[in-house]
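Here is the structure we will look at, set down as structure tokens.
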């Protein structure tokens, strides 16, 4: 049978992939995709914990959190893309390595 | 309505909330459906259930969809011909019915080209991404009360809309992977058009759902089973208007004319599928015609009473025979219901085709203007109205219409019954008038075909016209 | 939902709909069409209100049948947002939303929608040349919605919300011609003055909320209905609502009314508000919004303590007096009307304070009709005179604009108390009740000063008749003083049609069943509070033709003896007071009118003569400059702030700066000493450490690469390290 | 998707027999493989549009996992908001910011090595932590029926304030994004 650790491990791997995406991509939008992946992993965790929660049955708090996270992710993507467009307007590229004007 | 003073219980208590008359019972998941009862004497075992599902998909839905798409393509060409005073395809088979088969054979035999600079993987993936969601949407379509692939999804309507929204990715990828300027223009247009029209579409659906109180497609059908005045479109004026908003938005989100900007041949060659040929090309067409059927079917199920006839006979007999466990009768009833459902949906598809050959195509900015500044405000106002309406005229939703007799004086005494009946009656008359004129138009065309035909075959010499 | 409530709800929402439509599509609809839409919406509202009224009256009859049928007012509320615990609550409460419909609501609806409809029709013509024509109707729609929402609202919170909304509309409309500096200033002044009042409202509401939560109106009356007896009140949960807090709460809520109804300390904004378009003055600053204050006091009347009522009465008395005096000397036609409005509002508030609930609301309704009439009439005059508002420029206009002159005269007669016009009845009611109050209290307290509560209002009645007739005479009678203006004056049916409707109501408004419905309201209040026939919070002595309380007099020993006596034989006391007052009112009318006509029929001829008399001239200047209230407020508040800030400035400049300078000077000397030390001893160390820091920085800034992925790497490493540590500690 | 939902819904009833458990487990592994595989695809693929497609697949896989956990509404939200909305938005972003259609930004080899090492380390640590935490004993307690009503009432009841806040946030985001992305021309480009 499938248990809680199964879901957690899937989420953990997805989260690692998301982090890896952030690490390995130079394209700003790729990084955004990595962030989305991490958020999804978190969502899987939330729903899984909700489902395997011994204390409250019939309580859907985890799913509601997940819905909020999805909405926030959509909002975040919109703002991030707007920022990237601005970045693109200024630097003609979305390579995040170029965004180091403030470096020490 | 609750009386004066403060209530201490949380507003979660449905019976006490201002919208508290909502009492649609959600069907328990573990009730076996009729077909399961008849075929397996109850819940089937897992392997049997799996086989049954696979058989349903392979033997019913896939053939239905393909045959429907082919017939629809044939029908569209015939309708177009009729509208432009020419015969349309009439050579292959009776009335040219096999024209689509012939075209299909041609398309299968054609070389499957992939442009040299295209992204080959995505180029191959795109048609399936466009096709699969539309097919998946058949999952919750209620052909009849028991002839529904999965009747127990508690948010079936939302599911269909959600799955349909994935279709857009296929189109975008097709446009992008082709590495062709016109394709990508088509894809971008498709993307912004579909994403923006999904909003009024969803809101207008919500108006109907608020009047019904459920998202389950079968429940939606069941509460509309009491005759034409119980169809959701007649339930209140806001749903009536939402019907039209939904229709327009569904045209656009389906990239049907007049909103067929993504493939407008006068500007973009063929839009996002410019580079496609052979079977992949036909996949897009299958997807489009199946999607036409799906949005029409959603419209029928949410607004036009689903599988029910206008007199409520199916609902009545279904309730009666369910009580008597008359299974064969139920199956016959379901067959009739499915036929009615498909007929209604085909009616909607016919109107979509009719509009395609009637209306000119707007510019893309006009399309988006229509959505954001016209349809969206209207939909929002309808949503507001739809939310306020049940406070004013308590509907009798939740009372099974089979047990509710609108003609008995005792039932008039129920809260809001009079107001609801008057509204529903007036709207029903309106709906009958609209439908009647539509049917009358078709009948007129049918009966005058003899006088039209000479015009079709013997066109006047062009020189004289000029 | 019962039919009247439903209709009233629809009537409330229709202007909102027109507001929304005009807001989005107003500009496109353009000049006449936007006005027609607004008018159609409010007209439909009016129709709804009238049908609601008919159905309400039909639901039990307007007479005793209604009472005996036991029909309760419609109170619908449902919980909205969960809130925390109040003082006396065991469970978390809710912010409620609700409707409350009783006879008062119904009649207010009819009044508000009728006046609004008239004003809308009038505005279509009046504003036709305005470039922002659609926006005007947008604001009017919002205002009508807010006002109707205020009237139908079932909880104090709702009252407050709509209260602020009407305030906003008033601000927008006063400043409608914001290009005029005076208009935008007036808008800001009105807004600020109202905020001062609303601050008090918030304090009162806060006290109420702590004790009661956001209770609906009937709950409020049921629990706090005995506030009128002046003692502490035990509310649920064993908590006592102290009388002092009750008084503070009452005065606080009344502060809101002071702001909105332009009572004494905050009355200055209303005359300035005449900078707005005249229909706005008619609708908002005469007929409806300013009456909202009185309406609010009417709604909270049962929970006012005697002390609070006395404050209300005194404020009303002061307002009525000074406004009437100032109105004598104003030369701007709208200013005269504005001060007359303030004075009449003072009358109503005074009546409230004296316990004459019915008199106040009766006067509110009748006043709304004739004041809207007067303002629209003045609008017609101003329109005819090409936006000239000064009385000295008018004269003899009745030949040119006869309908306006006639209807204006009707309005003047009504406000002055011409017998059997509407104003006569309402003013008579108030004065009768004032007389009863004065007599009973003077006898009970052995203090003759209480008679001032009767004498001064009577005097004001004389003044009212005088200045209104002065206004009419200077405008319409006599010879034209500005011939150019006179020659071009004209009027149109669009302008005088609403005037005729309002004039008819001004004449007959006193005889329609307003009083009956107000009496019914009191009974309905008792019915919904379920007090077995006791009239919660209302003094039966002052409410004509109400049967006395069911309980015998011995059970209420707290009341003053004189009032008990009056309550025992209400009809006798009424009768005698009535005879007394009848002559005063008629006399006031005759004397005031006659004097004004005699003096002003020849224009300024006689007044110029009178002006040569120095004390008279001084008094005239005093009144003409509005008793120097603006100057007073300017000097006290603005000047006070300025003075304090200049004091602070001087303190800064001379004391602090001096200290700072001295310190600086000393520092300079010290610095020059230490500079030498610095240069040779410290610098070596500093430069050395600086070089050290620089080389450390050069190494460290490599970390701050500005590279996102570098940061993520570091984060990741720390996360992994933390996880390892956590695992080592907790997951053995 | 079609089959799986039906089977999941069907077999959720009553005590699962052996075959049901098998099918459930198999479906879990299918979707988990889809999610994880596509996630890895997101990490390794160079082409940004392919990355987005991989993300789409991962999202679909996660939606399948939700179904396995009887969160069908959430799965539908995932499809409609993420797959149908956010991802389209992102692809829009890709198309608006690419100079040439197939432009790639390659990381340096050292970065790749270090990054993969780090990710592998993190994954190891996380998975070890999960396996050692003893959460395998947790059993499913929430019922198999899924009432969409419960969710709605929670959203408009206990979570009303966050719900309203979210709506305000979305409004702010809409305005903010529109303002930020307002087309400002680069300098030197033709006005």
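Worth a mention:
- Exactly one residue out of B:333, B:261, B:355, B:304 is within 24 Å of the chain's Cα centre (by Cα) and either surrounded by fewer than 20 Cβ atoms within 10 Å (Cβ to Cβ) or not assigned by TED's automatic domain parsing to the domain that holds residue B:428 (or both): that is B:355.
- Sole residue being within 10 Å of chain D (Cβ to nearest Cβ), out of contact with any helix residue (DSSP H, G or I) (no Cβ under 7 Å at 6 or more places or on another chain) and outside any loop (DSSP other than H, G, I, E, B), chosen from B:132, B:136, B:102: B:132
- Residue check, residue C:5 within 13 Å of chain B (Cβ to nearest Cβ), under 26 Å from the mean Cα position of the chain (by Cα) and within 18 Å of residue B:378 (Cβ to Cβ): no
- Odd one out for residue B:153, checked against (1) surrounded by fewer than 22 Cβ atoms within 10 Å (Cβ to Cβ); (2) touching a residue at least 12 places away in the same chain (Cβ under 8 Å); (3) not in a helix (DSSP H, G or I): (1)
- Among the residues of region C:623-649, just one is under 30 Å from residue C:479 (Cβ atoms) and free of Cβ contacts under 8 Å to residues at least 24 places away in the same chain, namely C:625.
- Inside region B:163-181, residues that are within 7 Å of chain D (Cβ to nearest Cβ), more than 14 Å from the chain's Cα centre (by Cα) and part of a helix (DSSP H, G or I) make up a count of 5.
- A single member of C:588, C:541 is modelled with pLDDT of 75 or more and either touching a helix residue (DSSP H, G or I) at 6+ places or on another chain (Cβ under 8 Å) or surrounded by 16 or more Cβ atoms within 10 Å (Cβ to Cβ) (or both), and it is C:588.
- Screening B:241, B:220 for residues that are at pLDDT below 85 and outside any loop (DSSP other than H, G, I, E, B) leaves exactly one candidate, B:220.
- Taken over region C:445-489, the criterion of being without any contact (Cβ under 8 Å) to a residue 40 or more places away in the chain and over 26 Å from the mean Cα position of the chain (by Cα) is satisfied by C:446, C:447, C:448, C:449, C:450, C:451, C:455, C:483, C:484, C:487.
- Wholly within region D:33-117, helices (runs of 4 or more DSSP H) carrying at least 2 residues that are in contact (Cβ under 8 Å) with a residue 40 or more places away in the chain, at the interface with another protein chain (Cβ under 7 Å from one of its Cβ atoms) and closer than 17 Å to residue A:84 by Cβ: D:48-68, D:87-97
- Annotation: of all residues in region A:52-75 being more than 7 Å from every other protein chain (Cβ to nearest Cβ) and surrounded by fewer than 17 Cβ atoms within 10 Å (Cβ to Cβ), the one that is modelled with the lowest pLDDT is A:56.
Matching residues to (1) within 14 Å of chain A (Cβ to nearest Cβ); (2) over 30 Å from residue C:272 (Cβ atoms):
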| residue | (1), (2) |
| --- | --- |
| C:641 | no, no |
| C:679 | no, yes |
| C:693 | yes, yes |
| C:698 | yes, yes |
| C:709 | yes, yes |
| C:728 | no, yes |
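- Just one of the listed residues (B:208, B:144, B:118) is closer than 22 Å to residue D:81 by Cα, in the same structural domain as residue B:262 (by TED's automatic domain parsing) and either touching a helix residue (DSSP H, G or I) at 6+ places or on another chain (Cβ under 9 Å) or touching a residue at least 60 places away in the same chain (Cβ under 8 Å) (or both), namely B:208.
- Taking the listed residues C:49, C:45, C:18, the one that is touching a helix residue (DSSP H, G or I) at 6+ places or on another chain (Cβ under 9 Å), within 13 Å of residue C:144 (Cβ to Cβ), at pLDDT 85 or above and within 14 Å of chain B (Cβ to nearest Cβ) is C:18, with no other qualifying.
- Every residue from region D:157-168 that is in contact with a helix residue (DSSP H, G or I) (Cβ under 7 Å, 6 or more places away or on another chain) and either within 14 Å of chain B (Cβ to nearest Cβ) or touching a residue at least 40 places away in the same chain (Cβ under 8 Å) (or both): D:159, D:163
- Region A:76-104, residues that are within 11 Å of chain C (Cβ to nearest Cβ), touching a residue at least 12 places away in the same chain (Cβ under 8 Å) and part of a helix (DSSP H, G or I): A:96, A:97
- Filter pass, residue A:41 being more than 7 Å from every other protein chain (Cβ to nearest Cβ) and surrounded by 21 or more Cβ atoms within 10 Å (Cβ to Cβ): yes
The values are calculated or read from the model by the stated rules, or taken from the named source; none is laboratory data. All values derive from a computational prediction rather than experimental measurement. Glycine also receives a Cβ, built like all others from the backbone with ideal geometry; neighbour counts cover every protein chain displayed.
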